[in-house]
Amino acid sequence: MNKLEGAKICITGGKAALFESFMIRKPLRIVEFEATCRGVQYLLNKFDPKQQEYVITNVGTGTSLHHVGKSKHESIGGSGVGGGTLLGLAHLLRVLGNGGFYFYWRLIDIAEKLRTLLIINPVAFE
């Protein structure tokens, strides 16, 4: 990345400072939600430039939902349940076959009772 002459480099996330310490050129810091929305907009402009309004689901450590309009974007919610959990549940459903659906609903029931399913309130960044 240090060789990308003239390119604008932005970093985000919990390890951004560590990553930055290895870089010769100083990158710009950007909020993760902003980076996600900019990246999706870039790809949409390449493949479907008419698309002006949409909802993004960003699955990582957690899952976040964003509404993107013509001139702004906003976080509309999310969950503490991320990609690893979703992939694990999908694998169990596949392995267990028809019994997997019962297992899945039982897990949801247990999670609700133990209050381990975390819902993240929308966060606004300026």
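The values are calculated or read from the model by the stated rules, or taken from the named source; none is laboratory data. The structure presented is a predicted model; accordingly, all values stated were derived computationally and were not measured. Neighbour counts run over all protein chains shown; Cβ positions are idealised from the backbone, glycine included. For accessibility, only protein heavy atoms count, side chains too; no ligands or nucleic acids. Shrake-Rupley method; radii C 1.70, N 1.55, O 1.52, S 1.80 Å.
One table, with the values for the structure above:
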item: Inter-residue pairs, beta-carbon under 9 Å, first under 24 Å from Ser79 (Cβ atoms) and in contact (Cβ under 8 Å) with a residue 12 or more places away in the chain and in segment 37-60, second of a type in the set (D, E, K, R) and open to solvent by 80 Å² or more (accessible area, probe 1.4 Å), 6+ apart; result: Glu53/Lys70; Asn58/Glu32; Gly60/Glu32
item: Cβ pairs under 7 Å, 6+ apart, first in segment 65-94 and closer than 19 Å to Ala35 by Cα, second among the aromatic types (Phe, Trp, Tyr) and open to solvent by 40 Å² or more (accessible area, probe 1.4 Å); result: His66/Phe33; Ser75/Phe33
item: Given (1) modelled with pLDDT of 85 or more; (2) in a helix (DSSP H, G or I); (3) of a type in the set (A, V, I, L, M, F, W, C), number of the condition Ile56 does not satisfy; result: (2)
item: Set Glu32, Glu20: member being open to solvent by 60 Å² or more (accessible area, probe 1.4 Å) and of a type outside the set (S, T, N, Q); result: Glu32
item: Extreme residue, modelled with the lowest pLDDT, among residues of segment 16-33 that are among the β-branched types (Val, Ile, Thr) and in contact with a Ser or Thr (Cβ under 7 Å, 6 or more places away or on another chain); result: Val31
item: Selected residue [farther than 30 Å from Lys8 by Cα and at pLDDT 70 or above] from Gly80, Gly39, Gly69, Gly100; result: Gly80
item: Selection within segment 48-66 - within 23 Å of Cys10 (Cα to Cα) and either surrounded by 11 or more Cβ atoms within 10 Å (Cβ to Cβ) or of a type in the set (Phe, Trp, Tyr) (or both); result: Ile56, Asn58, Val59, Gly60, Thr61, Gly62, Thr63, Ser64, Leu65, His66
item: Inter-residue pairs, beta-carbon under 9 Å, first under 28 Å from Thr61 (Cα atoms) and outside any loop (DSSP other than H, G, I, E, B) and in segment 1-13, second at pLDDT 80 or above and aromatic (Phe, Trp, Tyr), 6+ apart; result: Ile11/Phe19
